[in-house]
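Visitor: Below is one structure. I have some questions about it.
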Amino acid sequence: MASITPRGGKYYVRVRRDGKTVGRTFSKRADADAWARRTESEIERGTWAPPKESAPTLAKVVADYRTAVAVRLKGIKVYDCYFSEFSGTAFAGKPIDEVTPFDVAAWRDQQLKQFVPGTVTRKLACLGAIFTWAIRERGWLAVNPLSRVTKPKVDDARDRLLSTDEREYLRRATDTCKAAWLAPTIRLLMFSAMRRGEVFGLRRRDVNFGTATAHLPDTKAGGARTVPLSPDALVAARELVEAAPRGPDARLLPIAHVNGISDVFKTTVARARALYEADCKAGGVDADRQFLADVRLHDLRHMAVTFWASTGGLTLPELMAVSGHRSPRMLMRYTHLSPSSIAAKLAALSAPPGCPPTFFSR
């Protein structure tokens, strides 16, 4: 039996039948009557089902994802910035199952006007992970709208290697830097191919001078690994260990955040450039605009991997053990061998055994 009660200019309908009670509010009396008849009929036929609970908004899902998942991720500080952006989108107030690929594509295009493709792609990947979690863990929607959104084409591979002169000016600038830890840190990065975060996390107990290794308990790739250290890297590591506070848990770098390495490095590169310009002026020559231009801290890792690869003295598995890459494909992004040096090696190769000398002649 249905009852309809006026409430504040609307009509509240309550249907009771076969032990079930359901209710709903309507703006028009006719809609209330029609729904009451239809609901009573469905209950009587056994086809009635409780209305599906509406999915939460994207903003609510982002907040839930941060609490349930993101707090355990290494890049939580970066992701927090992404989450704030997601919650401020034009479609953040939509139920998550109503967000369309067109909504996301429009946001992507807007982002590309402000950020490089690599940054936008990372944001899309983060947003896609939230939708995937909402599908698999919460059942709030069936299809990930990101699966139909084209990702920006990213070409962020770098081949910036410092020349001998650039390294010399950088050495001069670091040796006179007020941050005494910077010079050995740069040498450690340059001669070990470690990432800045890995060096930042080093403690006294992690460096073993007897085995010439550094143990990294937590790496970007996940899990731990032990890095073999070259003699130059060992010298740099010893300087940091000797300057660090006593105790096995003492950090080697006296800074609070990993970004401190990059910040001081940028300042030092600028100082190295100033030294170069001063020498050029004193010598009466024009300074090269490209000298020490577009140099990043991560380029030191490129240089280390490229150097070890160019020597030919390490096998591929050994080179991967040094760099920490899990696949040869990723390793190749960091290895920039000189075509001319490869050509010189080809010229030095002898003909394969059994081949007549004229085999290679015209």
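The values are calculated or read from the model by the stated rules, or taken from the named source; none is laboratory data. Predicted, not measured: the structure shown is a model, and the values here were computed from it. Backbone-built Cβ (ideal geometry, glycine too); neighbour counts: all protein chains shown.
Visitor: Scan ALA351, ALA278 and give me the residue that is modelled with pLDDT of 85 or more and assigned by TED's automatic domain parsing to the domain that holds THR176. If you could, list the steps in order and put the result at the bottom.
Guide: Details: ALA351 fails: modelled with pLDDT of 85 or more.
Every option except ALA278 fails the conditions.
Visitor: Taking the options THR226, THR213, name whichever one is more than 16 Å from ARG301 (Cα to Cα) and in contact with a His (Cβ under 8 Å, 6 or more places away or on another chain).
Guide: Unique residue meeting the criteria: THR226.
Visitor: List the helices (runs of 4 or more DSSP H) that sit entirely inside the stretch 1-87 and contain at least 3 residues that are at negative phi, at pLDDT below 85 and surrounded by 11 or more Cβ atoms within 10 Å (Cβ to Cβ). Show your work before the answer.
Guide: Values: elements: 29-45, 58-68, 76-87.
Ranges flagged: 29-45, 76-87.
Visitor: Mind listing whichever residues of the stretch 106-133 are among the aliphatic types (A, V, I, L, M) and surrounded by fewer than 17 Cβ atoms within 10 Å (Cβ to Cβ)? Don't jump to the end; show me each part of the working.
Guide: Step one: filter the stretch 106-133 for residues among the aliphatic types (A, V, I, L, M), giving 106, 112, 116, 120, 124-125, 127, 129-130.
Selection gives ALA106, LEU112, VAL116, ALA125.
Visitor: If you don't mind, there's one more thing I want to ask. Looking only at the stretch 269-321, how many residues end up being surrounded by fewer than 13 Cβ atoms within 10 Å (Cβ to Cβ) and either in contact (Cβ under 8 Å) with a residue 24 or more places away in the chain or basic (Lys, Arg) (or both)?
Guide: Residues that pass the stated criteria total 4.
Visitor: Restrict the check to the stretch 133-141 and report whether at least one residue is within 20 Å of the chain's Cα centre (by Cα) and under 21 Å from SER54 (Cα atoms). Let's see the steps before the verdict.
Guide: If we filter the stretch 133-141 for residues that are within 20 Å of the chain's Cα centre (by Cα), which is where we start, we get 133.
Of the ones still in play, those that are also under 21 Å from SER54 (Cα atoms) are 133.
Yes, the stretch 133-141 contains a residue that is within 20 Å of the chain's Cα centre (by Cα) and under 21 Å from SER54 (Cα atoms).
Visitor: Quick one: how many residues across the stretch 123-174 are under 21 Å from VAL104 (Cα atoms), part of a loop (DSSP other than H, G, I, E, B) and of a type outside the set (Gly, Ala, Ser)?
Guide: So the count comes out to 10.
Visitor: For the stretch 189-214, give me each residue that is under 23 Å from the mean Cα position of the chain (by Cα) and either without any contact (Cβ under 8 Å) to a residue 12 or more places away in the chain or surrounded by 18 or more Cβ atoms within 10 Å (Cβ to Cβ) (or both). Break it down stepwise before answering.
Guide: Here is the first cut: in the stretch 189-214, the residues under 23 Å from the mean Cα position of the chain (by Cα) are 189-190, 192-202.
Hits for the stretch 189-214 are LEU189, MET190, SER192, ALA193, MET194, ARG195, ARG196, GLU198, VAL199, PHE200, GLY201, LEU202.
Visitor: Would you check if ASP175 is touching a residue at least 12 places away in the same chain (Cβ under 8 Å), surrounded by fewer than 17 Cβ atoms within 10 Å (Cβ to Cβ) and farther than 29 Å from CYS81 by Cβ? Show your work before the answer.
Guide: Details: touching a residue at least 12 places away in the same chain (Cβ under 8 Å): no; surrounded by fewer than 17 Cβ atoms within 10 Å (Cβ to Cβ): yes; farther than 29 Å from CYS81 by Cβ: yes.
It is false that ASP175 is touching a residue at least 12 places away in the same chain (Cβ under 8 Å), surrounded by fewer than 17 Cβ atoms within 10 Å (Cβ to Cβ) and farther than 29 Å from CYS81 by Cβ.
Visitor: OK, next. Scan the stretch 238-268 for residues that are touching a Leu at 6+ places or on another chain (Cβ under 6 Å) and crowded, with 17+ Cβ neighbours inside 10 Å and jot them down. Spell out how you get there, then give the answer.
Guide: Here is the first cut: in the stretch 238-268, the ones touching a Leu at 6+ places or on another chain (Cβ under 6 Å) are 240, 244, 252, 262, 264-265.
Residues satisfying the conditions are LEU240, ALA244, LEU252, VAL264, PHE265.
Visitor: Please verify whether the stretch 272-290 includes one or more residues that are closer than 22 Å to GLU239 by Cβ, touching a Leu at 6+ places or on another chain (Cβ under 9 Å) and part of a helix (DSSP H, G or I). Spell out how you get there, then give the answer.
Guide: So in the stretch 272-290, the residues closer than 22 Å to GLU239 by Cβ come out as 272.
If we keep only those that are touching a Leu at 6+ places or on another chain (Cβ under 9 Å) as well, we get 272.
Next, only the ones that are part of a helix (DSSP H, G or I) stay: 272.
Looking through the stretch 272-290, at least one residue is closer than 22 Å to GLU239 by Cβ, touching a Leu at 6+ places or on another chain (Cβ under 9 Å) and part of a helix (DSSP H, G or I).
Visitor: Would you mind telling me which numbered condition in (1) in contact (Cβ under 8 Å) with a residue 24 or more places away in the chain; (2) more than 30 Å from ARG16 (Cβ to Cβ) ILE43 fails?
Guide: (2)
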